[in-house]
Protein chains: 4
Amino acid sequence: MPLRNQTVAVIGAGDYIGAEIAKKFAAEGFSLFVGRRNGDKLAPLVKEIEAAGGRAFARTLDARKEEEVTSFLGDADKHAPLEVCVFNIGANVNFPLLETTERVFRKVWEMACYSGFLAGREAARLMVPRGRGSIFFTGATASLRGGVGYAAFASAKFGLRAVAQSAARELWPKNIHVAHLIIDSGVNTAWVRERIREREGQAALDNLDPDRLMPPSAVAEAYWQLYRQPQSAWVFEQEIRPFGEKW
Amino acid sequence: MPLRNQTVAVIGAGDYIGAEIAKKFAAEGFSLFVGRRNGDKLAPLVKEIEAAGGRAFARTLDARKEEEVTSFLGDADKHAPLEVCVFNIGANVNFPLLETTERVFRKVWEMACYSGFLAGREAARLMVPRGRGSIFFTGATASLRGGVGYAAFASAKFGLRAVAQSAARELWPKNIHVAHLIIDSGVNTAWVRERIREREGQAALDNLDPDRLMPPSAVAEAYWQLYRQPQSAWVFEQEIRPFGEKW
Amino acid sequence: MPLRNQTVAVIGAGDYIGAEIAKKFAAEGFSLFVGRRNGDKLAPLVKEIEAAGGRAFARTLDARKEEEVTSFLGDADKHAPLEVCVFNIGANVNFPLLETTERVFRKVWEMACYSGFLAGREAARLMVPRGRGSIFFTGATASLRGGVGYAAFASAKFGLRAVAQSAARELWPKNIHVAHLIIDSGVNTAWVRERIREREGQAALDNLDPDRLMPPSAVAEAYWQLYRQPQSAWVFEQEIRPFGEKW
Amino acid sequence: MPLRNQTVAVIGAGDYIGAEIAKKFAAEGFSLFVGRRNGDKLAPLVKEIEAAGGRAFARTLDARKEEEVTSFLGDADKHAPLEVCVFNIGANVNFPLLETTERVFRKVWEMACYSGFLAGREAARLMVPRGRGSIFFTGATASLRGGVGYAAFASAKFGLRAVAQSAARELWPKNIHVAHLIIDSGVNTAWVRERIREREGQAALDNLDPDRLMPPSAVAEAYWQLYRQPQSAWVFEQEIRPFGEKW
């Protein structure tokens, strides 16, 4: 694998999706900067990437803190020019409106929207002078639909989508590809499978249709394809779902 | 004018739109509770409503503070059952993404989204036990489109729209009419006219096409029509614009 | 009831919705011109309107024929200036894609889209010189969503919505209010109740939740409210549904 | 280039876009069946594909005729299993509503919508029994927006999008990837450049910003990427535009 003198930063690399994105871009030769609340937990990911011949650097990162985002992306950019920044923090909670506390509403927003704004803006600061780069945001069904019990989560995801739209309209003409990837499906992670068990029982989980959940690697592949698009035909937003999903 | 034993609360009654909404519902016999940051400035509005035979009560209200929202709506409901709650706080600012400070981003969200969530939830708490009421949110073009320079404002407005959607899906079956009114036009207020003067010059303002700006009373009328819809044919969202507006 | 020297034309007055719209506008003093495939069947509607003190004229009309549409609207306009034209022809069919014949696809389009284009254009021809009038189109859930089995119906309804959009953007500046009303619910008609019986059985029909189906009069009321909007705050599109409907 | 025992059919291969799509898939080893009104004009395309080591077969095809579509796709499938069907017929015309004749409205629909329905249905008939295949439709800005002067074109394009949606919801679970590609830009073709010259003058054309128009090869590449998506993360619809385009 030929290594490239470019970095990819993944903010919210804690879950399966973030890890798969990191592995994909590392396998393509980029240096990876991966951040999550508890950076120690990233050790296995770094080890896996290195074992495959790639390079990865783990950081403890509270993405709700401006100075931490600035320094995380700055470090990545010092290592090698920041080529891609992926914002991948979710905060999927479901509470009836009347039981949504102000603390939950605010915290979900800080995690899923405000920190995305910080990441996008700071990545743009590094990319604009060079006139190149990609800034990608992970969205969800709740980015487009405020469903029952999703006042907090959908509000944050709608808000993140607006940030992505405004950023795209400002930065595309400067050759920065801003995109928003909507994952309209459960992703096959331990967390999602546990939610299914809780709601539908162990039997439902045991007999789960393999087409119902999206493998995290499919998300990584979708980001890779977005990255490879020619500037003459960029996509701003795309919804992906497994072929068996109802919509 | 026959007076009704019901209150209408207008949060964000400081501008022309909020004042017109208050006057319209007061003219239909409701008691009005009107709140804004500096409640003293509401004195002329109260006087005007009273002079027309209506009833209105002004309150100083920082809608970003949970306890203030709770007590404002609680007072309204003690006066007479809260029938309508209108959330009408905007925070229209325009900054390039790179010049949007974290302070601006957060403050715009607190004013235009977070306080809307608080208002909607607290109004619902009062209305759900009675199984009736209306909760209306004022949106803008930026509720649907993240334009250049609107990362902060559109993010907040998108987020408010999600709150309205989730609230509608939860509360309609309980006979609470939640709706979101999108005003896709400049409204004819001193603030908007001043923006036009700044951007386009005094001549542009002097020669302004009267059809370009929406009169605040048209917004008030639109809310009144929403209020009067039968529960068998409710509208969740509607966009209004003057006949001469491009879209 | 004071009579007005203005006509309202309803194309597709055969079903419950069209009849209710006609009755509502007749009750407000307009002369009604009502058309359907077999004009004889309109006799009871005309009788009912006349018994209430209104005026109505029934016509046999194949709205897929240009010359019939032209002459129907021309006759209305000769009686008194055409103030409102309502296009209300549906063609709700459901076939799997592979079983949708070219004949069905074409016929549904001719009924639900092509004839709507003819009606809108011919109404505009009469209204534009006077600089006033309203042209309203009835939409459905399928105007926004191509669901399973709806290739033909949704295609026609999407197409009608595009006609309405283009017409609105061209005609609003000429003071012609073009609007598109989306009814996202079954309407309480004999046809809809029969479909429910077919799919879900007699028991389901007998125990039907009264909030599940929209009364045709609610649609009529929605059109009436659209008609009364001031030109400073027009709505192009609105979706109506009963408070108990899932969406 | 390794040849594959699979065919790709391109309906509407007459313009630059169709030709580029054909060349791209031919270069990937597929046998191409290309159809247009005057099949003789396809000779240069076939020659170019063959010179590059590919295989292509030209057919005269009036896609508005059911039997011609059936036999065109049937022939392709007899040659080798039909793997991809691309429907790429446009009919971009602009007329004010009042000058849109019934003949234009109908013809645009037959070309851009009705023939797309025929193509999609007939391709599905061949693909469903095998449980694999891709059916792609080319959309435009007018697929989502009925602009001034586009009553006919947008109506047809909206209608085609509905066909694509219904087909996707029916066929995805059968492992047929139906997708709709919206090209939100002028494409760099002789026809588009001539329109620019007409509207804006020769100087505008001479000084045309190279980023303003999308190269046809970018569309071909976008279709290729759609084709390669894993079934665990399919995209139904994507909008592409050059980085310098306003939206």
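With everything on Cα atoms, drop me the angle between helix A:151-171 and the longest principal axis of chain A, reported from 0 to 90° to the nearest 10.
In chain A, helix A:151-171 runs at an angle near 30 degrees to the longest axis.
Shortest first and in nm with one decimal, please list how far the C:Asp62 label point sits from its counterparts in the other copies (point 7 Å along Cα→Cβ).
2.3, 7.3, 7.6
To test your reading of the geometry: what angle, between 0 and 90 degrees and rounded to tens, separates the Cα axis of helix A:66-79 from the longest principal axis of chain A?
50 degrees
Per residue of C:167-176, what is the mean number of Cβ atoms on other protein chains within 10 angstrom of that residue's Cβ?
5
Using modelled amide H (1.01 Å from N, peptide plane; none on Pro or chain starts), what sits under 5 Å from the amide H of C:His180, excluding residues fewer than 5 places away?
C:Phe137, C:Glu237, C:Gln238
Would you mind pulling out the separation of the Cα centroids of segment C:145-196 and segment B:63-97, in Å?
36 Å
From the phi of every residue in segment A:28-34, what ³J(HN,Hα) in whole Hz does the Karplus formula 6.51 cos²θ - 1.76 cosθ + 1.60 yield, where θ is phi - 60° and glycine or proline is x?
Ordered by residue, 3J(HN,Hα) equals 8, x, 7, 7, 9, 10, 10 Hz.
Explain nothing, just the number: relative contact order of chain A, from Cα pairs under 8 Å at least 6 residues apart, as a whole percent.
Worked out over chain A, it gives 18 percent.
With a sphere of radius 13 Å drawn around the Cβ of C:Lys24, what net charge do the other residues whose Cβ falls strictly inside it have (Lys, Arg +1; Asp, Glu -1)?
Cβ neighbours under 13 Å give a net charge of -2.
Taking chain A as the reference, fit the longest principal axis to its C-alpha atoms, fit the long axis of helix A:16-27 to the helix C-alpha atoms, and give the angle between the two in degrees, 0 to 90, nearest 10.
That works out to roughly 30 degrees.
Starting from the alpha-carbon convex hull of chain D, give the projected area averaged over all orientations, in nm².
So the Cα hull casts an average projection of 13.6 nm².
Determine, at each q value in 0.16, 0.21, 0.22, 0.24 (inverse angstroms), the log₁₀ of I(q)/I(0) that the Debye formula gives when each Cα of segment A:160-247 is one equal point scatterer.
-0.73, -1.00, -1.05, -1.16
Just the number: Rg to Rh for the protein assembly as shown, Cα atoms, Kirkwood Rh, two decimals.
A ratio of 0.97.
Given contacts defined as C-alpha pairs under 8 Å and at least six residues apart, what's the relative contact order of segment B:130-247, whole-number percent?
Across segment B:130-247, relative contact order equals 30 percent.
Put the label 7 Å from Cα along Cα→Cβ for B:Asp209; what are its distances to the other copies, in nanometres, shortest first?
Result, one decimal in nm: 2.5, 4.6, 5.2.
When the expected Rg is taken as 2.2 N^0.38 Å, what fraction or multiple of it is the alpha-carbon Rg of segment A:35-175?
Dividing the Cα radius of gyration by 2.2 N^0.38 Å gives 1.13.
For the pairs D:Lys157/D:Lys246; A:Lys246/C:Lys246; C:Lys107/C:Lys157; A:Lys24/A:Lys47, flag any whose C-alpha to C-alpha distance is greater than 18 Å.
Among D:Lys157/D:Lys246; A:Lys246/C:Lys246; C:Lys107/C:Lys157; A:Lys24/A:Lys47, the Cα-Cα distance tops 18 Å for D:Lys157/D:Lys246.
Once you average over the residues of B:95-103, how many Cβ atoms of partner chains fall within 10 Å of each Cβ?
Per residue, the number of nearby Cβ atoms from other chains is 5 on average.
Which whole-percent values make up P(r) of segment C:5-111 when all C-alpha to C-alpha distances are grouped in 5 Å steps starting at zero?
2, 13, 23, 22, 16, 9, 6, 5, 3, 1, 0
Peptide A:181-190: average number of partner chain Cβ atoms within 10 Å per residue?
Whole-number average of other-chain Cβ neighbours for A:181-190 is 1.
Kirkwood hydrodynamic radius (Cα pairs, Å) of segment C:31-80?
Over segment C:31-80, the inverse of the mean reciprocal pair distance is 11.1 Å.
I'd like the per residue volume of the convex hull spanned by the Cα atoms of segment C:116-174, given in cubic angstrom.
That works out to 64 Å³ per residue.
Between D:Asp40, D:Asp15, D:Asp206, where does the largest GNM mean-square fluctuation fall for chain D, given springs only between Cα atoms within less than 10 Å?
Result: D:Asp206 has the largest fluctuation of those listed.
Would you mind putting A:226-239, C:45-58 in packing order, based on average other-beta-carbon counts within 10 Å, highest first?
By packing density, highest mean first, the sequence is A:226-239, C:45-58.
Among the aspartates and glutamates, which have Cα under 17 Å from the Cα of A:Lys65 when same-chain residues fewer than 8 positions away are ignored?
Hits, sequence-local ones excluded: A:Asp75, A:Glu110, A:Glu122, B:Glu102.
Rounded to a whole number, what is D in µm²/s for segment C:80-144 from Stokes-Einstein with the Kirkwood radius over alpha-carbon pairs (4 °C, 1.567 mPa s)?
96 µm²/s
Evaluate the relative contact order of segment B:1-122 (contact order divided by residue number), counting alpha-carbon pairs under 8 angstrom at least 6 apart; express in whole percent.
Computed value for segment B:1-122: 29 percent relative contact order.
Using a Gaussian network model on chain C with a 10 Å cutoff between Cα atoms, which of C:Ala222, C:Ala190, C:Ala179 fluctuates the most?
Largest GNM mean-square fluctuation: C:Ala190.
Read the figures in this text as sums done on the coordinates, not as results from a lab. Here the structure is a predicted model, which is why all the values come from computation and not from measurement. Counting neighbours? That spans all protein chains shown, and the Cβs are built from the backbone with ideal geometry, glycine included.
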